[in-house]
1. Condition first: aromatic (Phe, Trp, Tyr) and surrounded by 11 or more Cβ atoms within 10 Å (Cβ to Cβ). Now tell me which residues in segment 1-46 satisfy that.
2. Provide a single number: the residues in segment 47-62 that are surrounded by 11 or more Cβ atoms within 10 Å (Cβ to Cβ) and of a type in the set (Asp, Glu).
3. Scan segment 72-107 residue by residue and report those that are aliphatic (A, V, I, L, M) and exposed (fewer than 13 other Cβ atoms within 10 Å of the Cβ).
4. Test Val98 against the criterion of being part of a strand (DSSP E or B) and hydrophobic (A, V, I, L, M, F, W, C), and give yes or no.
5. Scan segment 114-139 and report the pairs whose first residue is free of Cβ contacts under 8 Å to residues at least 12 places away in the same chain and whose second residue is assigned to a helix (DSSP H, G or I) and surrounded by 15 or more Cβ atoms within 10 Å (Cβ to Cβ), with Cβ atoms within less than 6 Å and a gap of 6+ or a chain change.
6. So which residues in segment 3-40 are charged (D, E, K, R), under 15 Å from Arg81 (Cα atoms) and touching a residue at least 12 places away in the same chain (Cβ under 8 Å)?
7. Does Tyr9 count as hydroxyl-bearing (Ser, Thr, Tyr) and in contact with a helix residue (DSSP H, G or I) (Cβ under 6 Å, 6 or more places away or on another chain)?
8. Need pairs with beta-carbon distance below 7 Å; first residue among the polar types (S, T, N, Q) and within segment 76-89, second modelled with pLDDT of 95 or more and surrounded by 14 or more Cβ atoms within 10 Å (Cβ to Cβ); sequence gap 6+ or separate chains.
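The values are calculated or read from the model by the stated rules, or taken from the named source; none is laboratory data. Just so you know, these numbers come straight off a predicted model, no measurement behind them. All Cβ positions, even for glycine, are placed from backbone atoms using ideal geometry, and neighbour counts span all protein chains on display.
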Amino acid sequence: MDKQRLMGYQKLKREQGLLLRRIMALQEKEIPVVAGKVKASSRDFPYTEHQVSVQMYDPVEADRIGRMLRIYRGRQERVGRQMLEVEGFINGIGDPEVRQIFEMRFIEGRKLREIAGEVNLDRSSIGKKINRYLQIMQC
């Protein structure tokens with residue numbers, strides 16, 4: 001895991017919210033009703049085929065909405081997997097102080113000085129702890 005992927009967690013979180021809003025908007029969208037013709041057969045023998053007029057949802061619009069929903073749900077799934085990777089990495093950190101620093105920095109998106117005030121260290125120590133842990137993990 002590198003710092004760039006960890007820093008990308010906040011962007012993934014925003015994208016997840018955006019995708020959720022788009023999915024909800026598509027699900028709430030009303031599909032226009034149009035007149036259409038379908039093939040039918042008479043109820044009695046001989047079953048002769050004829051066309052019947054029906055009211056139905058616009059197939060072009062329904063198909064477009066269905067395709068967009070599949071695309072957004074696929075993206076949402078990929079984003080969720082990437083977020084789980086970051087969260088799993090952070091949860092696997094053994095040192096409680098380092099794990100808390102990583103959670104505040106990358107999961108919550110806090111600034112180094114905010115974290116320093118909370119864990120009673122100076123800002124440069126927070127950055128050093130993050131970099132040192134990531135270097136150890138690279139080896």
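1. Step one: filter segment 1-46 for residues aromatic (Phe, Trp, Tyr), giving 9, 45.
Result: Tyr9, single match.
2. Qualifying residue count for the region: 2.
3. Of all residues in segment 72-107, those aliphatic (A, V, I, L, M) come to 79, 83-84, 86, 90, 93, 98, 101, 104, 107.
Matches in segment 72-107: Leu84 only.
4. Numbers: part of a strand (DSSP E or B): no; hydrophobic (A, V, I, L, M, F, W, C): yes.
No; evaluated as a whole, the condition is false for this residue.
5. Ala116/Ile126; Asp122/Ala116; Arg123/Leu112; Arg123/Ala116
6. To start, the set of residues in segment 3-40 that are charged (D, E, K, R) comprises 3, 5, 11, 13-15, 21-22, 28-30, 37, 39.
After this cut, where a residue has to be under 15 Å from Arg81 (Cα atoms) as well, the list is 5, 11, 13-15.
Residues satisfying the conditions are Arg5, Lys13, Glu15.
7. On the way: hydroxyl-bearing (Ser, Thr, Tyr): yes; in contact with a helix residue (DSSP H, G or I) (Cβ under 6 Å, 6 or more places away or on another chain): yes.
Answer is yes for this residue.
8. Gln76/Gln16; Gln76/Leu19; Gln82/Leu12
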